[in-house]
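> The structure under discussion is supplied below as structure tokens; questions concerning it will follow.
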């Protein structure tokens, strides 16, 4: 009996102990959760307060000035004269699209990116149109970019190339683009770009040829400064072969017969060069290629 009583007492006494342990653990866990929740709410309140303060602060920032990056052909003044009217306005409410619309009237400006800085400075990054050739149109000296847009001539426009830009003549097909600039017909643009690319890779032709004349009926021709002869290259491409024939003909024939010997030199035919000399007689030149 005494043994049975001891076991019973032990069992009865052990039950409250276990319940107390569990209750203490649950209380500690609950307290930890409450602490985390309070900390989260405090952090959230601080963030909301900071966001509200930042929003109010930004509303008070005005445009203090402009910085132009990336301009070499365009002067900073050409950009600033169009946007200085925005100085002093609220920075947050500044319409960058309206600002961009104003400066896109600069002919040499191809694209612009505009960014606002928290100190009230507006940074304008410009991407310029690069002239690849020059021309005379309506009695005015103009430049041409790679997309065929006519641009006012600038003395510093071709300085980076180190050599004079090719002159383009015979321009007849023009349209007015969305930006208000006059633009050559896409067929003429494609011809000029292909010719310029091949010409830049030649050894001698790029040093001699100074003008490309656009003409219909596959009769586009080029000129050199040394000779009055028109070298017909056509409108149908394959300028690599034609300019190679030009170089060979110049070295083997023109250098011997003289610069004024020919009126026209036709480079369009495969392995043959047809010429018309100054006396208007047609001669077939057998030049070894």
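> Would you pick out the residues in segment 105-126 that are more than 17 Å from residue 178 (Cβ to Cβ) and assigned to a strand (DSSP E or B)?
So the first thing to find is which residues in segment 105-126 are more than 17 Å from residue 178 (Cβ to Cβ), and the list is 113-126.
Once the filter is applied, which keeps residues that are more than 17 Å from residue 178 (Cβ to Cβ) and assigned to a strand (DSSP E or B), segment 105-126 yields 113, 114, 115, 116, 121, 122, 123, 124, 125, 126.
> Within segment 91-104, how many residues are surrounded by 13 or more Cβ atoms within 10 Å (Cβ to Cβ) and either assigned to a helix (DSSP H, G or I) or modelled with pLDDT of 90 or more (or both)?
Selection size over segment 91-104: 6.
> I'd like the full set of residues that are assigned to a loop (DSSP other than H, G, I, E, B) and without any contact (Cβ under 8 Å) to a residue 12 or more places away in the chain, limited to segment 170-184.
Keep residues of segment 170-184 that are assigned to a loop (DSSP other than H, G, I, E, B), which gives 170-173, 177-181.
Of everything in segment 170-184, just one residue is assigned to a loop (DSSP other than H, G, I, E, B) and without any contact (Cβ under 8 Å) to a residue 12 or more places away in the chain, namely 178.
> Let me ask something else. Return the residues of segment 221-241 that are touching a residue at least 40 places away in the same chain (Cβ under 8 Å) and in contact with a helix residue (DSSP H, G or I) (Cβ under 7 Å, 6 or more places away or on another chain); say none if nothing qualifies.
The answer is 235, 237, 239, 240.
> Checking residue 252 against (1) farther than 28 Å from residue 189 by Cβ; (2) in contact with a helix residue (DSSP H, G or I) (Cβ under 8 Å, 6 or more places away or on another chain), only one condition comes out false. Which one?
Of the numbered conditions (1) farther than 28 Å from residue 189 by Cβ; (2) in contact with a helix residue (DSSP H, G or I) (Cβ under 8 Å, 6 or more places away or on another chain), the odd one out for residue 252 is (2).
> A further question follows. Being assigned by TED's automatic domain parsing to the domain that holds residue 70 and without any contact (Cβ under 8 Å) to a residue 24 or more places away in the chain is true for just one of 87, 100, 116. Which residue is that?
On the way: 87 fails: without any contact (Cβ under 8 Å) to a residue 24 or more places away in the chain; 116 fails: without any contact (Cβ under 8 Å) to a residue 24 or more places away in the chain.
Just a single option satisfies the conditions, and that option is 100.
> Only residues that are surrounded by fewer than 16 Cβ atoms within 10 Å (Cβ to Cβ) and modelled with pLDDT of 90 or more: list them for segment 106-119, please.
Matches in segment 106-119: 111, 113, 115.
The values are calculated or read from the model by the stated rules, or taken from the named source; none is laboratory data. From a predicted model like this one, the values you see are computed outputs, not experimental measurements. All Cβ positions, even for glycine, are placed from backbone atoms using ideal geometry, and neighbour counts span all protein chains on display.
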